[in-house]
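Here the structure is laid out as structure tokens; the discussion comes afterwards.
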Amino acid sequence: MDLRPIGRCNLTCPFCFGPRHEVPSMGAADALRIAEALREGGVQGSVISGGEPTLLPYLADLTETLSGPRAEGLPIRVVLSTNGLAPLKRMERVLPHLSWIALPLESADAKEHRELRTGVARHREKVLDLLREVRKNHRQVQVKLGTVVTRRNVSGAPRVLDLIDEDSSLPEVWKVYQMSETNYGADNADRLSLGDDEFEDVVARCESAAEERGVALRVYRNATRTGSYFFVDPDGEVVVIDEKGERRLGNFFDRLADGGFRAAELIEPAKNIDNFLGTYPDA
Ligand code: SF4
């Protein structure tokens with residue numbers, strides 16, 4: 001289950017498929033109530049994303065609540081999907097509650113990366129600093145590196161692992177995403193979107209690079225996203241993806257009060273589980 005409690009972000013990536021940045025964030029009380037409901041409801045894994053979740057003042061409380069012990073079953077596997085810009089001091093309150101952190105690197109070419117991760121000039125260096133810090137001092141947190149492939153980084157995307165000098169800093173998983181034409185991605189599709197064949201060419205080069213460095217590669221294709229995701233947005237709406245794109249299904253708390261969620265009516269459970277466990281496998 002993907003909790004997106006914030007649309008706001010300190011970057012303005014032109015391919016962003018998250019909620020619009022001006023959407024008001026979810027309040028702390030609602031976010032923590034959802035976290036409790038997920039624990040009680042037996043959800044096994046949750047990704048916190050956005051927008052940029054490290055801008056939320058209550059993020060440490062949210063990750064602590066989500067990852068806390070449960071009456072039955074294993075704790076929820078909590079993943080933080082962040083752009084990597086938060087100061088280390090803030091991250092140190094969050095990292096102890098995470099199973100995984102998802103960090104972005106778009107290109108080995110500095111110009112390509114800057115064109116796609118817009119808003120902070122040293123973004124790429126900051127991500128690499130955080131990656132090294134997690135690898136060195138937070139070994140219990142596994143790392144997924146994400147690369148969104150657009151028309152602007154077909155050359156540099158397959159070489160992002162070259163940015164990581166030390167093998168000890170490599171991620172457990174590198175996931176390559178076909179750009180999704182949703183929200184800001186839809187606004188900029190004409191200049192950025194990549195066709196299926198061109199994307200597969202990039203994937204083939206990423207496969208070689210991943211194999212060379214001994215990193216597990218995962219691939220997100222737009223054709224496979226239907227039924228794989230169950231989001232809760234900043235306004236508390238449940239959002240799923242079907243053939244036509246994102247579909248809003250009503251308020252999380254209203255649905256919960258109305259008898260709860262039957263996963264098979266919202267998503268394709270096998271695809272949802274495969275997507276999560278394929279991206280964030282057991283340690
Ligand atoms: S893709 Fe991520 S980092 Fe970039 S604008 Fe969207 S939420 Fe922010």
Among the residues listed as Gly51, Gly119, Gly42, the single one being at positive phi and more than 13 Å from the ligand (Cβ to nearest atom) = Gly42
Selection from the range 105-116 of residues that are in contact with a Gly (Cβ under 9 Å, 6 or more places away or on another chain), in a helix (DSSP H, G or I) and within 14 Å of the ligand (Cβ to nearest atom) | His113
When every residue in the range 1-16 that is closer than 19 Å to Leu85 by Cβ and among the hydrophobic types (A, V, I, L, M, F, W, C) is compared, the one farthest from the ligand (Cβ to nearest atom) is Ile6
Could you list, in sequence order, all residues of the range 117-140 that are outside any helix (DSSP H, G or I) and buried (at least 22 other Cβ atoms within 10 Å of the Cβ)?
-> Arg117
Hits in the range 121-135 - residues which are modelled with pLDDT of 95 or more and farther than 11 Å from Gly84 by Cβ = Arg132, Arg135
If you check every pair at least six apart or on different chains, which have Cβ atoms under 8 Å apart with a residue in the range 250-268 that is over 16 Å from Glu237 (Cα atoms) first and a residue that is surrounded by 15 or more Cβ atoms within 10 Å (Cβ to Cβ) second?
-> Glu268/Thr226; Glu268/Gly227; Glu268/Ser228
How many residues, within the range 215-252, are over 16 Å from the mean Cα position of the chain (by Cα), among the β-branched types (Val, Ile, Thr) and farther than 19 Å from Ala270 by Cβ?
-> 2
With respect to Arg191, determine if the residue is part of a helix (DSSP H, G or I) and either aliphatic (A, V, I, L, M) or farther than 24 Å from Ile48 by Cβ (or both).
-> yes
Residues of the range 93-104 being outside any helix (DSSP H, G or I) and either of a type outside the set (A, V, I, L, M, F, W, C) or within 12 Å of the ligand (Cβ to nearest atom) (or both), which ones?
-> Ser99, Ala102, Leu103, Pro104
Among what's in the range 77-92 and is among the β-branched types (Val, Ile, Thr) and not in a loop (DSSP other than H, G, I, E, B), pick the residue that is nearest to the ligand (Cβ to nearest atom).
-> Val79
Elements of type helices (runs of 4 or more DSSP H) in the range 194-283, at least 1 residues being within 18 Å of Arg4 (Cα to Cα) = 252-257, 263-266, 269-279
Determine whether Arg255 is of a type in the set (D, E, K, R), within 23 Å of the chain's Cα centre (by Cα) and away from the ligand (no atom under 16 Å from the Cβ).
-> no
Which condition number in (1) within 16 Å of the ligand (Cβ to nearest atom); (2) under 21 Å from Thr279 (Cβ atoms) is the one that Pro24 fails?
-> (2)
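The values are calculated or read from the model by the stated rules, or taken from the named source; none is laboratory data. On a predicted model such as this, the values are computed, not experimentally measured, just so you know. Ideal geometry is used to build each Cβ from the backbone, glycine not excepted, and the neighbour counts take in all protein chains shown.
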